[in-house]
Amino acid sequence: MDRDHPSQSQTQEDNPKGTAEALTTTSAPASETAALATDSTSGQPAGPARPRRPQRSARVEGSVDISELKAEPKDEPTPVVNQDKCIPDGSVASHPKTSRPGAVKPSGEGTGPTAKAGPKGPGHHPVRAVSVPHPPASRPEASHLNPHAQRAFSVAGTADTQTQIVEDFRLHIITWNVGSATPPDDITSLLGLNVGDGNTDMYIIGLQEVNSMINKRLKDVLFTDQWSEVCMERLSPFGYVLVTSQRMQGLLLLVFAKYFHLPFLRGVQTETTRTGLGGYWGNKGGVSARMSAFGHTICFLNCHLPAHMENSEQRMEDFESILQQQQFEGQAAIGVLDHDVVFWFGDLNFRIDDLDMQVVKSAIDNNKFSMLLEKDQLNMAKDSETVLEGFQEGPLKFPPTYKFDVGTDTYDTSGKKRKPAWTDRILWRLRATATAGAAVSAGKRGSISGLTSGTKVTQHYYRSHMEYTVSDHKPVSSIFTLQV
């Protein structure tokens, strides 16, 4: 349910940012001390207008090589991890491209100082923390560690050995426009906990249209909002802790991780950008969180873009505005696209052009999604919008996730009769080298390798969750493996 104009019941005050960056260190032999890499790039937005790209670049799929390493226990003094030591990035070259003023592109190459950790601006009100188990004072025997803890210890090494270690970091991303609804009684299946998904290292949950009425927001100032509360209650028994959260009116971004990964998550920061009412209102816009995970820079961007069929161009302009305005702190400014990996998700509100309601519903009933995807506004925009270059999306094998009658699995039967559409999406983008860029320009598909920090990403699934009916949108989730 989209609300393009603010009501008097909404507040104009955004929730300040908040982060919880882990500063603990892991006990390990001196020969295995890790100096984690942090940001080394900077981004500077260009001029005002957006360039068009004459031809769509083929998408490039990532791959991952996984090998499990076990730590050897030794009785040696505990070294201190040097948090300020940086590992120089490899050179990054991108294929030349004709551009118009206003295109947002990554600007950084080479190395740079470590980005300053912590939130930008006033501190976010503290979300009620779960109990965090503390790592042992001395290194335990490897046989007593669970597989993830062993991996966390084994990744710690010297700057030379760190680039040689091949590991995987599992991300579970969820986006859901909750339509001001209260959380359902059970979100177990949404989190994948019903299938014993204990292998997830980090949850990233992006919500839109969280109830932002004034009386509700006043309660949220004093207490944790209901959605954050229910997520913490479900995840904390499995060893997840809240790394950071950011709220802007109805937009909410939550990042949870296994507690033993905290020493390897650095430079956590959040940002917000309002685009509603020309940038004065936060009912639309984007909230983001960035960090360095095991030396790889990652940015998570949760957006709620303008609604309605005719506003496709406005959606692209708002997305560019978000990219231009979001600059993270550091001695060199870092933009969203300057990260090794960017995950972009939310209620992006792109619709299906040209086809009428009956044709769309018939195609859905007969599972003929391909004809609908040809008219999907986001897919068509990839052919012409330079700002979308490099963004990838998995195959949409699930029905459109909007618009449903609340409490049912029936598409809109109200007087408005909104056409079904894939408004809720999850995309990702890798910062490619010249080799990867050449493969894209040549129209080749394959693995991206040789990235700035050796980052590789694999998507394992991309699905909707039709069982949830509290909103007129269905939630969408995806699991990725990030090689670290």
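Every residue in region 452-484 that is of a type in the set (Lys, Arg) and modelled with pLDDT of 95 or more, please.
Within region 452-484, the first condition is being of a type in the set (Lys, Arg), and the residues that meet it are 456, 463, 474.
Matches in region 452-484: 463, 474.
Within region 316-335, does at least one residue satisfy the condition of being assigned to a strand (DSSP E or B), under 21 Å from residue 177 (Cβ atoms) and of a type in the set (A, V, I, L, M, F, W, C)?
no
Do we have residue 393 as of a type in the set (D, E, K, R) and either surrounded by fewer than 16 Cβ atoms within 10 Å (Cβ to Cβ) or farther than 27 Å from residue 472 by Cβ (or both) here?
No: the conditions fail for residue 393.
Mind checking whether some residue in region 353-364 is buried (at least 18 other Cβ atoms within 10 Å of the Cβ) and in a loop (DSSP other than H, G, I, E, B)?
Within region 353-364, none of the residues are buried (at least 18 other Cβ atoms within 10 Å of the Cβ) and in a loop (DSSP other than H, G, I, E, B).
Name the residue, out of 312, 245, that is touching a helix residue (DSSP H, G or I) at 6+ places or on another chain (Cβ under 8 Å), within 24 Å of residue 179 (Cα to Cα), among the small types (Gly, Ala, Ser) and buried (at least 24 other Cβ atoms within 10 Å of the Cβ).
245
The values are calculated or read from the model by the stated rules, or taken from the named source; none is laboratory data. Note that the structure is predicted; figures quoted are calculated from it, not measured. Reconstructed Cβ throughout: ideal geometry from the backbone, glycine too, with neighbour counts over all protein chains shown.
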